[in-house]
1. Give the calculated FRET efficiency between residue 228 and residue 88 to the nearest 0.05, with a Förster radius of 35 Å applied to their Cβ-Cβ distance.
2. Which residues among region 170-193 fall inside the zone where the amide N is under 18 Å from a point 7 Å beyond the Cα of residue 260, along Cα→Cβ?
3. Testing the spin-label approximation: label points 7 Å from Cα along Cα→Cβ at residue 248 and residue 200. State their distance in nm.
4. At 1.4 Å probe size, what's the solvent-accessible area of residue 249? Round to the nearest 10 Å².
5. Compare the peptides 227-240, 124-137 by average per-residue count of other Cβ atoms within 10 angstrom and give them in order, highest first.
Amino acid sequence: MADLSDTDKIREAVRERYASAATASATDAPVGGDCCGPASAVPVATTDAQGREVFGAALYDSADADAPEAAVAASLGCGVPTAVADLHAGETVLDLGSGAGADVLISARCVGPNGHAIGLDMTDEMLALARRNADEAGVANVEFVKGYIEDIPLAGGSVDVVISNCVLNLSGDKPKVLREAARVLRGGGRFSISDVIADEDMDAATRADMRQWTGCVAGALTRAEFEQALADAGLTDVEIRETHRVHEHAAAAIIRATKRATA
């Protein structure tokens, strides 16, 4: 059991896990294809009882995922947020916890040369991997920024869409992340993420296990907690739709909301 009341300890555990994943990907070592991967010894399955993938690159449809193979292969997410973000030409998109950059590169191509896609990540190794993937793909309208999702280093009202792929659950202060997402969105802007939602009956032992936290399970909000946190952040028109089970006590979901337009 771990003390999960210390957000700095949570952040460092997550950073170490994803730095390791980035290093493994950069050297073509097995990453595991899931939110946590076998190198971390986290007891979160990559497949469900029917053998279907629940994390990683297999969730991307090769016909639709317009991103370089290397970036998609290094995905550690639980969905494809760009598939439901309804991106338009000329928009500015921010990806929270952008990892190897797959969703940023997909977004960049969706918004076109007059749009802009920004990836925010706290891990140097992931940022280096993402920039390499962008360079190899020849995608110019992207930017990868170092920072914390709890303290987004962007001006208020500067982006049209916030996306994220199985990252919010890893934060030790999710309400602050959501407030920051709302702050940087323009009025009428859209919040569209893939994440994990916990069942109401998730047991205390799972909640207190740091390995389960870095494995995208223990830190997940319930549906009711998500709805309340989004409302508290000033986001409206909330939609939460489960997509597939990822754990005995949790499911992947698409979470969407809108920032109230200003008068």
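1. On the way: r = 30 Å, r/R0 = 0.85.
Efficiency, rounded to the nearest 0.05: 0.75.
2. 178-191
3. According to this spin-label approximation, the distance is 2.0 nm.
4. 20
5. Details: 227-240: 16.5, 124-137: 19.0.
Most protected by this proxy first, the peptides run 124-137, 227-240.
The values are calculated or read from the model by the stated rules, or taken from the named source; none is laboratory data. Since this is a predicted model, take the numbers as computed values, not measurements. Every residue, glycine as well, gets a Cβ built from its backbone with ideal geometry; the counts of neighbours run over all protein chains shown. Remember, those area values only see protein heavy atoms, side chains included, never the ligands or the DNA or RNA. Shrake-Rupley method; radii C 1.70, N 1.55, O 1.52, S 1.80 Å.
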